[in-house]
Amino acid sequence: MVTFNTLSVDQASYAQPFRGNFRGGDKMVDREVVSILGADCPIGKQIVDVSLRCGYQVQALTQGKIGRSPNEYLSVLKSDCFAARDIQAVVRGSSCVINLCNVSGYDGSKERPTSTTVTKFALQAMQKTKANRYLLVTHQCVAIPGDRKLRPNGIVSRYLWPLAHRAQWKEMQAEADLLIQTPIDWTIVRCPPIKNIVGFGPVRTDHRSPVGRFVSLNRLARFLVHLKDCDHYRQKAIFVASRPTRSQFAM
């Protein structure tokens, strides 16, 4: 069963339109809309906060609670199963889709579509709306033609992790292979472990090999929202990581 809530997933409400909603006789400001798939994970909650602070309207698809205060510019669709109709409802009216299913703990099963199917549903929905920007956040194990030989810090993520999580790795790889064949403005963001620590400075990026052992949650959230309007990474699969500080490696 799907429960739709325009304010907060913690409160039940009837379905309401995402945009052009009248409240108290005043029309809501028509803001640019960002859609987030799998927004109930730590990085998703951070992206919601950053997007709202940047003046965007946010449409979020979740399996659980976001757990934040109501906001007139946040619309949440809670879905036990990320069905095509749920994804279409969240993507509708947006200019950018951020897919966090691979880092949110989303579990594709017989009852739920796989991550590849989620991306297929999202791409189909984007054909019916003005959205043309698609950001896929995934694991460093995903390989793209043109990747260079591995540095030492990439061996675990690119070889050992896929061996230990073969089914999950194959699904992530199939999803990326599907996305890079599409003509939309996609960016695949390949992440090391995401840590909830304060990060400073810009996120490090590389187009062809891993660049670090972790990425700060708050820095990654800001970077992903920035990517929405960044032409430099369009139709690119990039690696990201936090810049190390002296204190992190002090003896």
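Looking only at residues in the range 126-142 that are open to solvent by less than 10 Å² (accessible area, probe 1.4 Å), modelled with pLDDT under 95 and touching a Lys or Arg at 6+ places or on another chain (Cβ under 8 Å), the one that is nearest to residue 215 (Cα to Cα) is 140. Can you confirm whether residue 200 is crowded, with 17+ Cβ neighbours inside 10 Å and aromatic (Phe, Trp, Tyr)? When the stated conditions are applied, residue 200 does not pass them. Within the range 202-233, the residues that satisfy the criterion of being more than 21 Å from residue 45 (Cα to Cα) and either part of a loop (DSSP other than H, G, I, E, B) or aliphatic (A, V, I, L, M) (or both) are 207, 208, 209, 210, 211, 212, 213, 230, 231, 232, 233. Somewhere in the range 98-116, is a residue part of a strand (DSSP E or B) and either open to solvent by less than 10 Å² (accessible area, probe 1.4 Å) or farther than 23 Å from residue 175 by Cα (or both)? The answer is yes, given that some residue of the range 98-116 is part of a strand (DSSP E or B) and either open to solvent by less than 10 Å² (accessible area, probe 1.4 Å) or farther than 23 Å from residue 175 by Cα (or both).
Applying a threshold of 6 Å to beta carbon distances and a minimum spacing of six or more residues, or different chains, the list of pairs starting in the range 77-88 at a residue that is hydroxyl-bearing (Ser, Thr, Tyr) and ending at one that is open to solvent by less than 10 Å² (accessible area, probe 1.4 Å) reads 79/86. Contact map, the range 206-224: residues that are at pLDDT 90 or above paired with residues that are of a type in the set (A, V, I, L, M) and open to solvent by 30 Å² or more (accessible area, probe 1.4 Å), Cβ distance under 7 Å, separation 6+ or inter-chain. Pairs shown: 215/194; 216/197; 216/198; 217/194; 218/198; 220/194. Selection of first residues in the range 94-121 that are closer than 17 Å to residue 35 by Cβ and at pLDDT 85 or above and of second residues that are open to solvent by 10 Å² or more (accessible area, probe 1.4 Å) and acidic (Asp, Glu), restricted to Cβ pairs under 6 Å at least 6 apart or on distinct chains, gives the following pairs, ordered by first then second residue: 95/32; 115/171. When we screen 194, 188 for residues that are closer than 14 Å to residue 236 by Cβ and at pLDDT 90 or above, the only hit is 188.
Residues in the range 67-78 that are of a type outside the set (Lys, Arg) and surrounded by 20 or more Cβ atoms within 10 Å (Cβ to Cβ): 74, 75, 76, 77. Cβ-Cβ distances below 8 Å connect the following pairs, each with a first residue in the range 153-170 that is more than 19 Å from residue 106 (Cβ to Cβ), a second residue that is at pLDDT below 65 and open to solvent by less than 90 Å² (accessible area, probe 1.4 Å), and a separation of six or more residues or different chains: 158/150; 159/150. When the residues of the range 16-50 are filtered to those that are modelled with pLDDT of 95 or more and part of a strand (DSSP E or B), the one that is nearest to residue 101 (Cα to Cα) is 37. Does the range 152-174 contain at least one residue that is of a type outside the set (S, T, N, Q), at pLDDT 90 or above and within 15 Å of the chain's Cα centre (by Cα)? Yes; the residues of the range 152-174 include at least one that is of a type outside the set (S, T, N, Q), at pLDDT 90 or above and within 15 Å of the chain's Cα centre (by Cα). When the criteria are applied in full, residue 171 meets the requirement of being of a type in the set (Asp, Glu), on the phi < 0 side of the Ramachandran plot, touching a Gly at 6+ places or on another chain (Cβ under 8 Å) and surrounded by 13 or more Cβ atoms within 10 Å (Cβ to Cβ).
The values are calculated or read from the model by the stated rules, or taken from the named source; none is laboratory data. No experiment lies behind these values; they were computed from the predicted model shown. Virtual Cβ from ideal backbone geometry, glycine too; neighbours counted across all protein chains shown. Please note that ligands, DNA and RNA were not included when accessible areas were found on the heavy atoms of the full protein model with its side chains. Shrake-Rupley method; radii C 1.70, N 1.55, O 1.52, S 1.80 Å.
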